[in-house]
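Everything below concerns the one structure shown next.
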Amino acid sequence: MPTCWPFDERSNPRGTESNVIMLDIDLLTQKKTLQEIKEIAEVEAVCSVPGVTFMSSLSDRDGNVLHIIPGQGYKYYEKPKYQVLTNFSPFKMDKEQHPWMGWDRYHTAKEMLEQAPDNFDVKDCFAILKKVSQELCPTVVSMVFDVTEMKVYWCENRQWNNIQEKAFYE
């Protein structure tokens with residue numbers, strides 16, 4: 001779950017609104033579907049944690065993607081070819097600058113995805129993640145969800161030769 005830079009005061013909790021971290025966990029633990037989370041984002045504010053704007057990029061097995069940026073809104077993409085989320089708000093793009101906002105990484109990832117072959121796979125995803133990983137504010141976790149295999153692959157602290165996996169079963 002990336003942080004959105006710079007911090008946006010509107011993402012702070014104000015009451016009983018849903019928390020973006022808990023919505024992510026609800027999807028991962030299958031307590032809510034992507035569509036149910038989208039319905040929440042459509043009708044109520046979603047917050048982050050005090051002082052940090054975490055944002056979320058969620059996907060379902062059909063390939064739909066939901067980006068939630070607390071305090072700013074959400075974007076839903078029905079079966080996009082690809083979707084990129086880095087450390088700046090897709091609502092603000094490059095209007096606000098920050099040293100590790102990822103504008104360059106965003107464009108690198110988009111370019112690599114636009115040129116990707118039809119047989120693009122998990123290994124190719126990790127090649128992109130490796131290319132756009134950060135050193136200044138080090139990338140801690142890089143994750144790929146393979147919808148066809150119902151598996152999540154990840155590595156920690158840019159240890160690209162130590163990729164873990166977890167299968168999800170219905």
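Computed extension length for LYS31-THR108: 24.2 nm, one decimal, from 0.36 nm per residue of separation with the Cα-Cα distance subtracted. At the residue level, GLU149 shows approximately 110 square angstrom of accessible surface with a 1.4 angstrom probe and all protein chains present.
May I ask which of LYS75/LYS123; LYS32/LYS131; LYS130/LYS166; LYS32/LYS95; LYS38/LYS79 have a Cα-Cα span longer than 24 Å here?
Details: LYS75/LYS123 27 Å; LYS32/LYS131 33 Å; LYS130/LYS166 20 Å; LYS32/LYS95 34 Å; LYS38/LYS79 14 Å.
Long pairs (Cα-Cα over 24 Å): LYS75/LYS123; LYS32/LYS131; LYS32/LYS95.
Averaging 1/r across all pairs of distinct Cα atoms in region 1-97 and inverting the result yields a Kirkwood radius of 13.4 Å.
Most tightly packed first, judged by the mean number of other beta-carbon atoms within 10 Å of their residues, the peptides 55-63, 21-29 read 55-63, 21-29.
Top to bottom by accessible area (1.4 Å), largest first, where do MET112, MET101 land? List each step's numbers first, then the result.
Working: MET112 65, MET101 5 Å².
The residues order as MET112, MET101, largest area first.
Between LYS92 and LYS123, what length comes free when the chain is fully extended (0.36 nm per residue of separation minus the Cα-Cα distance, one decimal in nm)? Don't skip to the end; give the middle numbers.
Values: separation 31, 0.36 × 31 = 11.16 nm, distance 3.11 nm.
Between LYS92 and LYS123, full extension yields 8.1 nm more.
Under the Kirkwood approximation applied to all pairs of distinct alpha-carbon atoms, what is the hydrodynamic radius of the chain in Å? Result for the chain, one decimal place: 16.8 Å. Distance from the C-alpha centroid of region 135-164 to that of region 83-103: 21 Å, rounded to the whole angstrom.
The values are calculated or read from the model by the stated rules, or taken from the named source; none is laboratory data. Bear in mind the structure is a predicted one, so any value in this text is a computation, not a measurement. In this analysis, Cβ positions are derived from the backbone assuming ideal geometry, glycine residues included, and neighbour counts consider all displayed protein chains. Protein only, heavy atoms only, side chains kept; ligands, DNA and RNA dropped before computing areas. Shrake-Rupley method; radii C 1.70, N 1.55, O 1.52, S 1.80 Å.
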